[in-house]
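Okay, so here's the structure we're looking at.
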Amino acid sequence: MPNSDSRGGTPHLMTVFVAQQMELAEVTSVVKACADPDDNRILAAALAADCSLLVTGDADLLALQKFQGIDIVTPRQFSEWIRTK
C-alpha cells in the first residue's frame with residue numbers, strides 16, 4: 001500500500017495528477033470578485049487556463065465555493081477527491 005500523508009492522500013499520486021494538469025495560460029481578463037487584488041488575479045488565471053478546480057487555503061477564495069464554473073476547494077477536499085479518481 002502506498003504511503004499516505006497526514007491528510008490521507010498519496011503524495012506521489014497527487015504530484016503526478018497535478019503535473020499532468022499543468023498548463024501555461026495567458027491572462028487577458030480582469031476579475032473583480034474579491035476584495036483582495038491577488039485573489040482576483042488567481043481567479044483570472046484559473047479562467048484563462050479553463051480550470052475546473054482551484055485548490056487553495058485562502059479563506060476569501062474558499063468563501064466563493066464556485067466561480068464561473070470553477071469549484072474552489074481546500075487541499076483536504078482535493079486530497080479526498082483525488083483518492084476517488
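As a check on your grasp of the helix formula, calculate [θ] at 222 nm for the chain: sum -39500 (n - 2.57) over DSSP H runs of n ≥ 4, divide by the residue count, round to the nearest 500.
Working: 4 runs with 38 residues, N = 85.
It lands at -13000 deg cm²/dmol.
Percent of Cα-Cα pairs more than 11 Å apart in the range 18-62, please. Across the range 18-62, Cα pairs with separations above 11 Å total 66 percent.
Just the projected area, averaged over all directions, of the convex hull on the alpha carbon atoms of the chain: how many nm²? Intermediate results must be reported in sequence, preceding the final value.
Values: hull surface 24.0 nm².
Projected over every direction and averaged, the Cα hull of the chain covers 6.0 nm².
Throughout, read-outs are computed from the coordinates displayed, never taken from laboratory work. Everything numeric in this text was worked out from a predicted model, so none of it was measured.
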